[in-house]
Amino acid sequence: MRRIALWFLSTAAIVTLLFGYDTSTSGPEPAASETVVAAPAAPESSDTGSSGTGSSGGSAGTESSGSGSSGSGTAATVAGSVVSTRWGDVQVTITVTDGKITAVDVPTYPTANGKDRQINAYALPILKQETLSAQSADIDMVSGATVTSEGYVESLQSALDQAGS
């Protein structure tokens, strides 16, 4: 009888501990609401700002394709699509001057918990530098931040497609 009681109590304790363990998989919900706040910030950072409130990639693509033939040094800021990943949304914004990527910003990335913030504080500067060096979306993934890296590359490619690069 004691063995049965001991077995039952230990099983109940293990189940309680398993269900009580806080994992990082509960993170994406806050990141999705955060995206709504962060996404409108991308068009405001545009240097050419002629398109106003629309974050239409078509007008930004037209601006950068016109700037490729002229040497005036006009810059166009293009926001890539918001890519949903397992840990949260990722969005890349690039600034293209005379057909060259001159700046990269990541206004939306997973920040739901401390682990997300720690990983992305390390990975995003590396991804930005790789983008500026490669001048394309053909960059290496950051070890330990594979999911964010994949979302980053997908959003970056979307921005490059819109910019016509």
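No value in this document is a laboratory result; all are computed from the given coordinates. Given the structure is predicted, the values throughout are model-derived calculations rather than measurements. So basically every Cβ, Gly included, is an ideal-geometry build from the backbone, and we count neighbours across all protein chains shown.
Take each peptide in 143-151, 4-12, 156-164, 90-98, count the other Cβ atoms within 10 Å of every residue, and average; sorted highest first, the result is 90-98, 156-164, 143-151, 4-12.
Each Lys and Arg adds +1 at its Cβ and each Asp and Glu adds -1 at its Cβ; summed about the Cα centre, segment 67-165 shows a dipole of about 240 debye. Between ALA103 and ARG86, full extension at 0.36 nm per residue minus the direct alpha carbon distance yields a gain of 3.5 nm. Using a 7 Å offset from Cα along Cα-Cβ at GLN135, what residues in segment 89-112 end up with backbone N under 15 Å from the label point? Under 15 Å, as judged by backbone N against the label point of GLN135, lie 95-103 of segment 89-112. In segment 108-159, Rg over Rh equals 0.95, where Rg is the alpha-carbon radius of gyration and Rh the Kirkwood radius from pairwise Cα distances.
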